[in-house]
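Working notes, beginning with the structure itself.
The values are calculated or read from the model by the stated rules, or taken from the named source; none is laboratory data. Bear in mind that the values here come from a model prediction, so they are computed numbers and not experimental data. Every residue, glycine as well, gets a Cβ built from its backbone with ideal geometry; the counts of neighbours run over all protein chains shown.
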Amino acid sequence: MSETVSDDSYEFKVKVDKSRLPDLQWCYNQLTDQSKTRTISGVATYEKDGLTIEFNTWKKRIIMYTDAINDSAIADAKAKAKVIKDKLKAPKKPKKPANDWRG
């Protein structure tokens with residue numbers, strides 16, 4: 001996970017292992033107002049008001065950046081990054097235990 005802030009831009013990148021890919025999918029859907037059940041395979045890019053969010057399932061990452069100079073655009077991008085950080089900090093849901101065949 002990396003975050004870069006300068007006077008005129010903001011960039012946030014996060015890469016996960018395969019087991020957390022559904023969490024990134026959830027984040028992308030949440031941040032782009034997509035259906036929660038939408039599944040992406042490949043690369044999806046969302047652009048709005050100078051903010052770009054790229055979700056790449058092959059590389060298992062989200063890159064979000066804005067080149068907007070105003071403080072509100074950078075604050076909005078940071079708020080969206082917080083959604084991703086919070087989701088990835090949450091513990092993964094435990095897998096349902098397999099039936100014990102040993103009795």
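Some values worked out for this structure:
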quantity	calculated
Every residue from the stretch 21-50 that is assigned to a helix (DSSP H, G or I) and of a type in the set (A, V, I, L, M, F, W, C)	Leu21, Leu24, Trp26, Cys27, Leu31
Cβ-Cβ under 6 Å pairs, at least 6 apart or on other chains, the stretch 74-103 side more than 19 Å from Asn29 (Cα to Cα), far side at pLDDT 85 or above	Ile74/Tyr10
Every pair of residues 6+ apart whose Cβ atoms lie under 8 Å, when the first sits in the stretch 1-17 and is farther than 21 Å from Ser72 by Cα while the second is small (Gly, Ala, Ser) and at pLDDT 90 or above	none
Check on Ala68, closer than 17 Å to Glu3 by Cα, assigned to a loop (DSSP other than H, G, I, E, B) and either in contact with a Gly (Cβ under 7 Å, 6 or more places away or on another chain) or at pLDDT 85 or above (or both)	yes
Single condition Lys85 does not satisfy, out of (1) touching a strand residue (DSSP E or B) at 6+ places or on another chain (Cβ under 7 Å); (2) part of a helix (DSSP H, G or I); (3) under 14 Å from Glu3 (Cβ atoms); (4) at pLDDT 90 or above	(1)
Any hit, the stretch 33-49, residues being β-branched (Val, Ile, Thr) and either at positive phi or at pLDDT below 85 (or both)	yes
Any hit, the stretch 54-72, residues being polar (S, T, N, Q), touching a Leu at 6+ places or on another chain (Cβ under 8 Å) and closer than 14 Å to Asp23 by Cα	yes
